[in-house]
Amino acid sequence: MKHSLFAGLLLSSMAITAGAAGCSGDDTVANNPGVDAGKDTAASNDAQSADTGTGATDAGSDAGERCSAAKEQLLKPIDTVSTGDVNVYATEGNAQRIYVNASAGGLNGASTNPRIYLKLASTKVAVTDKSAGASADWDLALKRDVIFTNSGDGGKGQGSALFLADKPFDEVTVADTQGKTFDTENFFDDNCTPKRDEFGSVKTTFSGWYDYNDATHVLTPKEGTFLVRTAAGAFFKLQILSYYSTADGGTGMAGGHFTFKVGAL
């Protein structure tokens, strides 16, 4: 979805697609080719609300948390634990293939469903969007196509991420973590204005993880491997295999159903 297209034109075209698809209410590739088009319309609306009434005076509010009011508007936290599941469906040496249901109820339900929180040792962490900010137990937060680490504006942990473009998972070793600059989550500028990607979603360390097909509206993970530092400071390598998966690693129809290949470094 991250392309060189201008954000405004793309958001407009996707809003039209989302409107047409809304008649079916079905978040599937087969019945709704614009499976994630509606996400961008929602993100655009979030952008308008998040940018209203926020500014430098917001920094340092709420017991010292940076841009807390702007963060509330941007992330729209839901105070329930995700009902999505996490499943290890295969083991390959020291690596695991993991299914994560980050669909958040599909396009129509995403605004009222929380993120799912993952520990990279393949465990779902039972925190809510509200309690996650004070927790160092999780490593990744996922909701639809948006992923962020437990670091900076994303959480209190030591997390961070770095993408090694075109480097195969099996060739990545702990040596690849040396001498590299890992990015932490930085959702706002100095005036507490949200940083956004081309589609209006919050810009995170995982932004740009996929290619977006304008004709089919399908998200395809980019070739390459993420280096991820956990909330506790350990390193993992992670490859995103699919955004349309079933719990056993098969090919599914609905977006937000990830499969990852994950290994400790």
**OP:** Could you run the Karplus curve 6.51 cos²θ - 1.76 cosθ + 1.60 with θ = phi - 60° over region 241-248 and give me ³J(HN,Hα) per residue in whole Hz, x for Gly and Pro?
**Re:** 8, 7, 10, 10, 10, 9, 5, 9
**OP:** When you have a sec, figure out the Kirkwood radius of region 129-240 from all distinct Cα pair distances and drop it here in Å to one decimal?
**Re:** 14.8 Å
**OP:** Provide the per-residue ³J(HN,Hα) series for region 178-191, in order, calculated from phi with Karplus coefficients 6.51, -1.76, 1.60 and θ = phi - 60°, each as a whole number of Hz, with x at glycine and proline positions.
**Re:** 7, x, 9, 9, 8, 8, 9, 6, 9, 7, 9, 8, 5, 9
Original post:
Suppose R0 equals 22 Å; then what is the FRET efficiency for Thr112 and Ala134 from their Cβ-Cβ distance, rounded to the nearest 0.05?
Top reply: 0.45
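So how much slack lies between Asn191 and Asn213, counting 0.36 nm per residue of separation and subtracting their Cα-Cα distance, in nm? Don't skip to the answer; put the middle values down first.
On the way: separation 22, 0.36 × 22 = 7.92 nm, distance 3.41 nm.
The span from Asn191 to Asn213 would gain 4.5 nm if fully extended.
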**OP:** Calculate the length of the line joining the C-alpha centroid of region 164-242 to that of region 116-130, in whole Å.
**Re:** 18 Å
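Taken together, the values in this text are just the output of simple stated rules run on the coordinates, not laboratory data. On a predicted model such as this, the values are computed, not experimentally measured, just so you know. Glycine gets a Cβ as well: all are built from the backbone with ideal geometry, and neighbour counts include every protein chain shown.
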